[in-house]
Amino acid sequence: MAQGELIRQRPPLNVPARATGGDERWRVAGLCVGLAAVTLAVFGQTAGFGFVNFDDDVYVYDNAKVAGGLSLKGLAWVFTHADCHLYHPLTMLSLMGDYQLHGLQAGGYHFTNVVLHTASVLLLFLSLRRMTGALWRSAFVAAVFATHPLRVESVAWVAERKDVLATFFFMLTIGAYARYVECRMRNAEPGDAQHATRNMQHASHYYVLCLFIFALGLLSKPTVVTLPFVLLLLDYWPLRRLFVPPLHHSTTPPLRLLLEKLPLLALAAGACALTVLAEGEAIAARANVSLPLRLGNALVSYAVYLRQMVWPTGLAPFYPEPEKGYSLWTIAFSSLLLALITGGVLAFGRKRRWLLTGWLWYLGMLTPMIGLVQVSAFAHADRMTYLPQIGLYLLLTWAAAELSAGWPGRRVALGGLAAIILGGLTFCARTQTAYWRDNETLWTHALACTTDNDVANNNFGFALFQKGRVNEAITYFQNALQRQPGNAQARNNLGSALFQKGRVDEAITCFHQALQIKPDYAEAHYNLGVALLQKGSVDEAIAQYQKALQIKPDYADAHVNLGLAFLQRGSLDEAITHYREALQIKPDHANAHNNLGLALFRKGNVDEAIGHLQKALQSEPDSANFHVNLATALLRKERVDEAIGHLQKALTNKADYADAHYGLGNAFLQKGSLAQAITHYQKALQIKPIYPEVQNNLAWLLATGAEASLRDGQKAVELARQANELTGGKNPVILHTLAAALAETGRFDDARRAVQKAIELAPAAGRQDLAGQLNDELKRYEAGLPLHQ
């Protein structure tokens, strides 16, 4: 105990100032390298991971503001709007910066998380060493913080950027506060006035720096609001500014310490107000959970986090709430455990100040996140322990040091125990991190670790759905709904899967049910619009897309599909407007560029159309459809060879693509290579036998080809009649072809009647340009002459 007393009575902030030898600096540097190495050993693997379908969509890959990258407009947005139900503009800016650097390559986002976590680990070590003077204990605390499996969720999950970023600023604030206190303590020592003035100036600078960095932390994630409380705990231990007999005149009256924290508390209060405003809807949605249930869940969560710290197994990204809350026995046991620990801390903590600091750090930092004010339907979450459990690591590390004070071979024993603990934590954390590799791995593990988990069932089902395993996905969506019928997301996803299976009416029912549960569900409105458009209910579909956009104005896909609906209604200009709005939101939206290109092509703006179709291909270079569309526009500009190149690429990517063969037929026809044109038209019909445009063009060549060897009048008549029937007998172009085919077989009266009907229909079809040609051909047929090119 004598050694323990010596540590407690020594001003810790003076130790680093004295211990400036080369050996000490090399030890510190070596430990920093070791801490960084072990952190990378655990989390470096995430550089090869993808995004997960658990908030990564709303934070990154479906977030139009993030996809805009860093810009003045984006900067203004993040500071004036709450995104993802939180006001955390610096988090969103950091994600925008990652998008600027990495696009949607998830590895870059993961790497940033790992760098921030590593920086926090090093800052924790350096700050603890400065405040306590204990090198190896500080390093051990930092190493446990670096490698504990409970840290995985915060580091390996891109959407938890807010955790690692806020923690980085949290650690910086503690470091700046330690320097502030050091300056004040030095100022209290005897010395000349000039020295004292300089120390006070430095102290003021560090205090302002604390305020500034703390503000940055609050702008990253508001859960660091408890930092003023943590600083008071640090004043108690290890800084010993509170309730300590005078040591070198360094103690500070309690009231002054509280006043010193008022600016920090003011910042925290502002962050709390912004958080309540941002999460207002989420809090209201959980208002039906009674206070006793929330209190019981909070008590149990405190105990669960203690168990997970000691035995970190069965960790999952989502733990469902018990349907009727925890049993009274579970709540009673958790309460007793917390009471016993608190009693022990109060009983023994007077001389062992680290007990009170560590335990209250844990309890206090968890308070805002423990579930007394609920915003989500989870029982507890690993990420909530990211900062709070540092207090427990401090408590246990210093307790081990004191308990082993009289042991023979103490250093060897503690070193061996530390190595075993860190080795076990590193192995478990690496294993846990690997589960975050992809959606299927993550949610398979979650389902194995939990029961009645509607979120895991839904998200695993969605992962299967994205892989095309629709039948399996439906089963998991149904499992989610059996556990939680009010899960709007699962209801919406089930509707999407049923729609994919062609069960459109059932899908529409699911979308309606999802909207009954959550009327402001933009994705459900969008999906309902897609289903209604499929059924031909264009006006109803337009109404649903417009509702989706009212809820989510930056919903680029809704603008694209609304454009399609207006196109089906014949409103070409309105369609173009919505395609352009989609591109303002998401400039690299491939479908928006493609659809806008097609719409402009229909308006006759072929050059502009080609520009957008090329941009669509830049985003999706392997899209056979985009290659065909660009080729069609190039043919209009008589850039035949370029068009042929794109059509051949389309067939390379999709060998059985009838539209590509049709396009090649048109290209070779335009080039005068009739035999090749006929070959590709025939291939198109082999793939897609019912294709009026191809049937018409092939019939035309077989009826009018300049080379007799290419002509086949009977086949031409058969194809033209099929095309005519498929189009309802009202297409003047097809009637024109049918007439030529009939004339080739010598049936000139039938040919004459077909031409006359075509002449009647041409004006209504907007084909006045055919009138002169049809009249000339009528004279040929009256004269008994077939039409040959």
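The values are calculated or read from the model by the stated rules, or taken from the named source; none is laboratory data. Quick caveat, the model's predicted, so the values are computed rather than measured. All Cβ positions, even for glycine, are placed from backbone atoms using ideal geometry, and neighbour counts span all protein chains on display.
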(request) Among what's in segment 280-302 and is touching a Leu at 6+ places or on another chain (Cβ under 7 Å) and within 18 Å of Arg383 (Cβ to Cβ), pick the residue that is modelled with the lowest pLDDT. (result) Ala298
(request) Give me a count of the residues in segment 735-762 that are closer than 17 Å to His788 by Cα, surrounded by fewer than 20 Cβ atoms within 10 Å (Cβ to Cβ) and not β-branched (Val, Ile, Thr). (result) 4
(message) Given the options Gly343, Gly349, Gly358, name the one that is closer than 30 Å to Glu402 by Cα and within 36 Å of the chain's Cα centre (by Cα).
(response) Gly358
(request) Among the helices (runs of 4 or more DSSP H) lying completely within segment 1-101, list those that include at least 1 residues that are at pLDDT 85 or above and crowded, with 18+ Cβ neighbours inside 10 Å. (result) 22-43, 64-67, 72-80
(message) Show the residue pairs meeting these rules: Cβ distance below 7 Å; 6+ apart or different chains; first residue within segment 614-627 and within 16 Å of Glu642 (Cβ to Cβ); second residue not in a helix (DSSP H, G or I).
(response) Leu617/Ser623; Phe626/Glu620
(message) So if I check each of Ala677, Ala703, which one is of a type in the set (A, V, I, L, M, F, W, C) and in contact (Cβ under 8 Å) with a residue 60 or more places away in the chain?
(response) Ala703
(message) Take the conditions crowded, with 19+ Cβ neighbours inside 10 Å and in a helix (DSSP H, G or I) and apply them to Phe212. Does it pass?
(response) no
(request) Look through segment 204-245, keep the residues that are touching a residue at least 40 places away in the same chain (Cβ under 8 Å) and β-branched (Val, Ile, Thr), and return whichever of them is farthest from Met384 (Cα to Cα). (result) Ile213
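Each row is one residue, and each column tells you yes or no for (1) over 27 Å from Val628 (Cα atoms); (2) part of a helix (DSSP H, G or I).
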| site | (1), (2) |
| --- | --- |
| Asn696 | no, yes |
| Val717 | yes, yes |
| Glu725 | no, yes |
| Asp750 | yes, yes |
| Lys757 | yes, yes |
| Glu760 | yes, yes |
| Gly766 | no, no |
(message) Here are the criteria: (1) over 23 Å from Phe140 (Cβ atoms); (2) small (Gly, Ala, Ser); (3) crowded, with 21+ Cβ neighbours inside 10 Å. Tell me which single one Ala379 does not satisfy.
(response) (3)
(request) Specify which of the listed residues (Ala156, Ala178, Ala119) is hydrophobic (A, V, I, L, M, F, W, C) and closer than 19 Å to Asp235 by Cα. (result) Ala178
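A quick yes/no check of all residues on (1) over 24 Å from the mean Cα position of the chain (by Cα); (2) without any contact (Cβ under 8 Å) to a residue 60 or more places away in the chain; (3) under 28 Å from Asp452 (Cα atoms):
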| site | (1), (2), (3) |
| --- | --- |
| Ala488 | no, yes, yes |
| Arg491 | no, yes, yes |
| Arg503 | yes, yes, yes |
| Cys510 | yes, yes, yes |
| Glu523 | no, yes, yes |
| Leu532 | yes, yes, no |
(request) Quick one: which residue in Leu498, Leu532, Leu494 is hydrophobic (A, V, I, L, M, F, W, C), in contact with an Asp or Glu (Cβ under 7 Å, 6 or more places away or on another chain) and closer than 24 Å to Ala480 by Cβ? (result) Leu498
(request) Look through Ala332, Ala316, Ala303 and report the one residue that is without any contact (Cβ under 8 Å) to a residue 24 or more places away in the chain and either touching a strand residue (DSSP E or B) at 6+ places or on another chain (Cβ under 9 Å) or in the same structural domain as Ile174 (by TED's automatic domain parsing) (or both). (result) Ala332
(request) Examine segment 170-179 for a residue that is surrounded by fewer than 24 Cβ atoms within 10 Å (Cβ to Cβ) and not in a helix (DSSP H, G or I), and state whether such a residue exists. (result) no
(request) List every residue pair whose Cβ atoms sit under 6 Å apart, with the two residues 6 or more apart in sequence or on different chains, where the first one lies in segment 415-426 and is in contact (Cβ under 8 Å) with a residue 40 or more places away in the chain and the second, anywhere, is outside any helix (DSSP H, G or I) and of a type outside the set (Lys, Arg). (result) Leu425/His148
(message) Any residue that is assigned to a helix (DSSP H, G or I) and either charged (D, E, K, R) or modelled with pLDDT under 95 (or both) - is there at least one of those in segment 111-120?
(response) no
(message) Report every pair of residues separated by at least 6 positions or lying on different chains whose Cβ atoms are under 6 Å apart, first residue within segment 384-397 and free of Cβ contacts under 8 Å to residues at least 24 places away in the same chain, second surrounded by fewer than 24 Cβ atoms within 10 Å (Cβ to Cβ).
(response) none
(request) Give Ala765, Ala708, Ala783, Ala771 a once-over and let me know the one that is without any contact (Cβ under 8 Å) to a residue 24 or more places away in the chain, within 28 Å of Leu664 (Cα to Cα), surrounded by fewer than 16 Cβ atoms within 10 Å (Cβ to Cβ) and among the small types (Gly, Ala, Ser). (result) Ala708
